[in-house]
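Below: one structure, written as structure tokens.
What follows is calculated from the coordinates using simple rules that are stated; it is not laboratory data. Source: prediction; values computed, not measured. Here the Cβ is made from the backbone with ideal geometry for all residues, glycine too, and neighbour counts use every protein chain on show.
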Amino acid sequence: MYFYHTRCDHLSVFCCTLCSLCVLCDLFSSIGGAIKPVVTFTPIWRDILSYDNVTLTCDVPSTEEPRTYQWYKDNQTIPGEQQRLHIIGSSVYRDRGDYQCQTIGGDISDPVFLNVTENFVILQRPPSAIYEGDPLTLRCHHVKDFHAINTKFYKDDQEIKSSESDSTFHIPNIRRSQSGLYKCTKQIQRYDSSYEFDKSDVSFISVKELFSSPEIKVTPSRVIGGDEMTVTCDTRLDPLRGGTELHFAFYRDGWTVREYNVSDTYRDGRTVRGYNVSDTYRVRSSQLEDSGNYTCEVRTASDTVRKMSDGIYIQIHIHDYTVQNIIRLVISGFVLSAVVCFPYFHNKW
């Protein structure tokens, strides 16, 4: 990017203001072009069977301006300029591959793989990464022109659900401990036949960490009475979920501590007490009673994930100058007493 600077010997205010506006315009244009679209599926499944229908959508931030879209499959352009790409009667050889989209003049999306397979039964899962706290739905899907009954789901070879008619398994709030090898089985038969046979498919589900376990830190490391103390609840949010709102709470000896005049956080009509969007707790003038075992807790705004830190004992020390003054005062008292009493005892002797 090139900027041409105009000398500002004359009309300096006007010239420099104009240059600044041009720079800002170029900057905002570059930021706008950097917005990356995302490819989504409807239905949401990443794996589909031959002859299934699926719609791919190029999701971009909302705007009033009309957009023109370009689609790619395995880095090859696909004819059409619409936001949605409809795949009817999918084929393994024609439709299986990596899909990307972009708006004309904008950035290109990350590739998303559409897996078309030829099988009797597949275990379907969403295409995006799965994080702790997410809802997860698995679907045991069977090929067209077949009738299916008695669906069963397993995790690490342990049966977790059995149903005659429901082909889905739902976890409303998944944990990292629920990562593992999932399997589904079905009894299927052709509509024109009475012969039944069992078919199955497996998929490994890996649940990613949304944010790290918090660590509590104090500044300064040695807190003197009367000084400001800052306690921080340090955690790292996964960059791909950088928009997740986190709430923080601080405890001393198991009791909630709060900054003066900090309002409660209201969400969905409920009052959330003890939590704040700030990851820092400050004591402006620390006192001896602020000593104790401190912990902090981090949770998502939806309260689907909570994590507690280990404890750290914070001791508020008496000011060093106060101790020195007391010692000096005592010594001075002895010296003064000796000076005053010496003449008296000397005369006495």
* Which of the peptides 134-140, 287-293 is most tightly packed, and how do the rest follow, judged by the mean count of other Cβ atoms within 10 Å per residue? -> 134-140, 287-293
* Asked: Rounded to two decimals, what ratio of Rg to Rh does segment 69-129 give with C-alpha atoms and a Kirkwood Rh?
  -> 1.00
* Structure fact -> Once the in-chain neighbours fewer than 8 apart are removed, the lysines whose Cα is under 19 Å from LYS161 read LYS152, LYS183, LYS186, LYS199
* If we sort 181-188, 151-158 on the protection proxy, mean other Cβ atoms within 10 Å, highest first, what's the order? -> 181-188, 151-158
* For CYS101, what charge total do you get from the other residues with a beta carbon under 14 Å from its beta carbon, if Lys and Arg give +1 and Asp and Glu give -1? -> -2
* Check the straight Cα-Cα distances from LYS73 and name the aspartates and glutamates below 13 Å, setting aside those fewer than 8 residues away within the same chain. => ASP95, ASP98, ASP110
* Asked: Normalised by the number of residues in segment 155-205, what is the relative contact order in percent for Cα pairs under 8 Å and 6+ residues apart?
  -> 35 percent
* Hey, quick one: spin label on GLU196, modelled 7 Å out along Cα-Cβ, who in segment 147-162 has an amide N within reach, i.e. under 17 Å? -> 147-153, 162
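Net charge near ASP253, counting Lys/Arg +1 and Asp/Glu -1 over other residues with Cβ under 14 Å of its Cβ?
Here the count lands on -1.
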* Cα shape, segment 137-236, gyration tensor, a/c 1.5 rule -> prolate
* Asked: For segment 117-186, what's the radius of gyration and Dmax over Cα atoms, in angstrom?
  -> 12.5, 38
* **Sequence-distant lysines (8 or more away, or on other chains) whose Cα lies within less than 26 Å of LYS307** => LYS155, LYS208, LYS217
